[in-house]
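Only one structure is covered here, and it is reproduced in the block below.
The values are calculated or read from the model by the stated rules, or taken from the named source; none is laboratory data. What you see is a predicted model; the values in this text were computed from it and never measured. Because the Cβ atoms are built from the backbone with ideal geometry, glycine has one as well, and the counts that use them run over all protein chains shown. With ligands, DNA and RNA removed, areas are computed over all heavy atoms of the protein, side chains included. Shrake-Rupley method; radii C 1.70, N 1.55, O 1.52, S 1.80 Å.
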Amino acid sequence: MDAPLLSVVMPTHGHAQFIETAIKGILSQTYPRVKLLVVSVKGDEQTRKVLDRLGVKYLESDRADHIHQINIGVNETKGEWVSAGASDDSFLPSKLWSELALATQRDALVVYSDFFYGDDQLRVDGVCRAADFSYERLIGRCMVNDCSLVSRGLYEEFGPLNEALGSIAFFDRWLHIAEKYPDKIVHNPYPAFIYRRHSGQKSGVEKLQDPKRLGLMLQVARASLKRKGLDAEQFKGYRVVRLDYARP
């Protein structure tokens, strides 16, 4: 197949101890045309030193907001496909190639992959298996991860990620895409990266107990159902849309 340019945007802040491994995971991709753009935060000197030592291109954001940083990066990249890359995780060598191949085979606009869980040293200790895509599954549990491969045309069509939603911005984006292109979001069942679990991040339990985050998820889910002309009452059994889900 032809080799379109793939852009990886990596927002980072306070991950100086992890980012070199994350960068090497992207630079070691087996796919031949990958461009990495790191978006750091002004004043993060430790990260800047690592980036300068590695000779990696980077921009600087005026605030530590990973959605804002991704928007900055996407606006500056030229790839026909875009993936976000977390600066504390690590792509496996075939991630981008396998996702693009699947996108080509299935005429997809978004490809999301299973992934491994790793400890703070990236020693694998588990695997996250996602289900094949459906709108109903998405509204019940957002199984499409932030590191998915996305056609640039979707950023042009739907605009930048909604920064007001914080970490829920990707959930909002997947729902908008699923409403219009339900058959264009495809699951790659092969683990494509290692998700590093470390002391500097919230656990899954903490996220599930965060009333502000849950309230935003509920707001986004209900807005999507309304756009589709569906009654939220029919989805009360789904985890995100339950009427009591956002209560502290």
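Over the chain, DSSP H runs of length four or greater, each weighted -39,500 (n - 2.57), average out per residue to a 222 nm ellipticity of -10500 deg cm²/dmol. Pairs of Cα atoms nearer than 8 Å and 6+ residues apart set the relative contact order; for the range 48-169 it is 31 percent. In this label model, GLU163 and VAL127 are separated by 3.9 nm, measuring between points 7 Å along each Cα→Cβ vector.
Relative to the Cα centre, what is the charge dipole magnitude of the chain, using +1 at the beta carbon of each Lys and Arg, -1 at the beta carbon of each Asp and Glu, and rounding to the nearest 20 debye? Result for the chain is approximately 320 debye, rounded to the nearest 20.
Which of the pairs LYS24/LYS57; LYS78/LYS226; LYS184/LYS228; LYS78/LYS184; LYS24/LYS49 have their Cα atoms more than 24 Å apart in this structure? Check vs 24 Å cut-off fails for LYS78/LYS226. Ligands, DNA and RNA left out, the 1.4 Å accessible surface of the chain is 49% carbon and sulfur atoms. For the chain, the longest principal axis of the Cα atoms and the long axis of helix 45-54 meet at an angle of about 60 degrees.
Entry note, the chain: relative contact order of 20 percent, from Cα contacts under 8 Å with a spacing of 6+ residues.
Within the chain, DSSP assigns beta bridges of which about 35% are antiparallel (rounded to the nearest 5). May I ask for the angle, rounded to the nearest 10°, between helix 211-227 and the longest principal axis of the chain, with both axes built from Cα atoms and the value confined to 0 to 90°? Rounded to the nearest ten degrees, it is 60. Relative to the longest principal axis of the Cα atoms of the chain, the long axis of helix 169-180 lies at roughly 60 degrees. The trypsin sites (Lys or Arg not before Pro) of the range 10-86 that meet both conditions, a loop assignment by DSSP and at most 12 other Cβ atoms within 10 Å of the site Cβ, are LYS42, LYS57, ARG63, LYS78. Using θ = phi - 60° in the Karplus curve 6.51 cos²θ - 1.76 cosθ + 1.60, the 3J(HN,Hα) couplings for the range 66-73 round to 5, 5, 4, 5, 5, 4, 4, x Hz; x is entered for Gly and Pro.
Phi angles across the range 94-99 convert, under the Karplus curve 6.51 cos²θ - 1.76 cosθ + 1.60 with θ = phi - 60°, into 3J(HN,Hα) values of 9, 3, 5, 5, 5, 5 Hz, Gly and Pro given as x.
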